[in-house]
1. If you take every DSSP beta bridge whose two residues both sit in the chain, what share of them, in percent to the nearest 5, is antiparallel?
2. Treating each Cα of the chain as an identical point scatterer and ignoring solvent, apply the Debye formula and state log10 I(q)/I(0) at q = 0.11 Å⁻¹.
3. Would you tally the net charge around Thr115, using a Cβ to Cβ cut-off of less than 9 Å, leaving Thr115 out, and scoring K and R as +1, D and E as -1?
4. So for segment 1-131: antiparallel DSSP bridges make up what percent, rounded to the nearest 5?
5. When the helix-only estimate is applied to the chain (DSSP H runs of n ≥ 4, each -39,500 (n - 2.57), divided by the residue count), what is the mean residue ellipticity at 222 nm, nearest 500 deg cm²/dmol?
6. Once you keep just the Cα pairs under 8 angstrom separated by 6 or more residues, what percentage relative contact order results for the chain?
7. Around Ala205, with a cut-off of 11 angstrom between Cβ atoms, what is the net charge of the other residues, counting Lys and Arg +1 and Asp and Glu -1?
8. Within segment 25-112, which GluC sites (Glu not before Pro) sit in a loop by DSSP and count at most 13 neighbouring Cβ atoms inside 10 Å?
Amino acid sequence: MRRDIGAEFRALHRPGDPFILANAWDAGSAKLLAGLGAEAIATSSSAHAFTLGRPDMGRISREEALGHAETLVRAVTVPVSGDFENGFADAPDEVAETIRLAAEVGLSGCSIEDTVMSGDNPAYDFELAVERVRAAAAAAKALGRPFVFCARADGVMNGAYNVEEAIRRIQAFEKAGADLLYVPLPPSMESLVQIVKSVSKPVNALAAGRFAKYSKADFAKAGIRRISTG
């Protein structure tokens with residue numbers, strides 16, 4: 001039977017037993033993480049930028065990110081997801097194209113942020129943010145194979161808006177068709193629980209900063225299904 005790695009990746013998002021999505025910065029680190037037992041690998045926009053001597057936030061092109069992702073896909077046998085910043089575009093149709101290209105290089109999923117990659121990196125206006133997610137979700141569903149599209153509300157982490165606005169956004173992102181929701185680094189574990197309870201789709205959490213002290217069991221208790229390492 002032919003392997004369906006996309007279906008395997010989707011199945012990892014199981015209730016009560018979150019998996020760790022390990023971030024790799026190159027093929028060697030991806031192989032190391034997979035060898036240590038990682039069930040899936042993710043690219044890291046910041047780590048990729050740093051390996052090229054560049055700062056994070058919009059300094060990597062779509063072509064560079066896709067090439068980097070394809071290198072990781074070929075390096076390991078576990079599913080790989082792409083950290084694709086704002087989708088490398090403002091316009092919804094271009095974000096949708098990023099999803100299609102992500103699937104072409106063999107990714108099993110990817111995440112798209114609601115952050116503008118210019119100036120002081122503000123959040124997109126609410127309506128445009130939702131339209132971008134709707135276009136990306138439609139592109140993911142049109143692939144004809146399992147692909148986990150994660151919609152990120154990064155404004156809490158970036159200081160652009162509060163938890164209440166993040167919840168308003170991920171609820172709208174869920175309705176727009178996202179498979180997974182993500183609000184990186186909310187103020188507390190209590191606020192993370194509030195975020196999880198606000199939606200019915202799986203939620204990703206970042207085990208960094210104030211959340212680095214929590215165990216996998218703590219995240220499971222909070223209702224998290226996927227834990228990112230960076």
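1. Working: 1 of 25 bridges.
Close to 5 percent.
2. The computed values of log10 I(q)/I(0) come out as -0.48.
3. Values: positive: Arg152; negative: Glu85, Glu113, Asp114, Asp154.
Result for the neighbourhood of Thr115: -3.
4. Numbers: 1 of 10 bridges.
Roughly 10 percent of the beta bridges in segment 1-131 run antiparallel, per DSSP.
5. Working: 10 runs with 98 residues, N = 230.
Per the formula, -12500 deg cm²/dmol.
6. Values: 467 pairs, mean separation 46.2, N = 230.
Over the chain, the number comes to 20 percent.
7. Numbers: positive: Lys216, Arg225, Arg226; negative: Asp218.
Once all neighbours under 11 Å are counted, the net charge is +2.
8. Working: sites: Glu39, Glu63, Glu64, Glu70, Glu85, Glu94, Glu97, Glu104; in loops: Glu39, Glu85.
In loop regions of segment 25-112 (DSSP not H, G, I, E or B), there are no sparsely surrounded GluC sites (Glu not before Pro).
Throughout, read-outs are computed from the coordinates displayed, never taken from laboratory work. Please read these numbers as outputs of a predicted model, since none were measured by experiment. Counting neighbours? That spans all protein chains shown, and the Cβs are built from the backbone with ideal geometry, glycine included.
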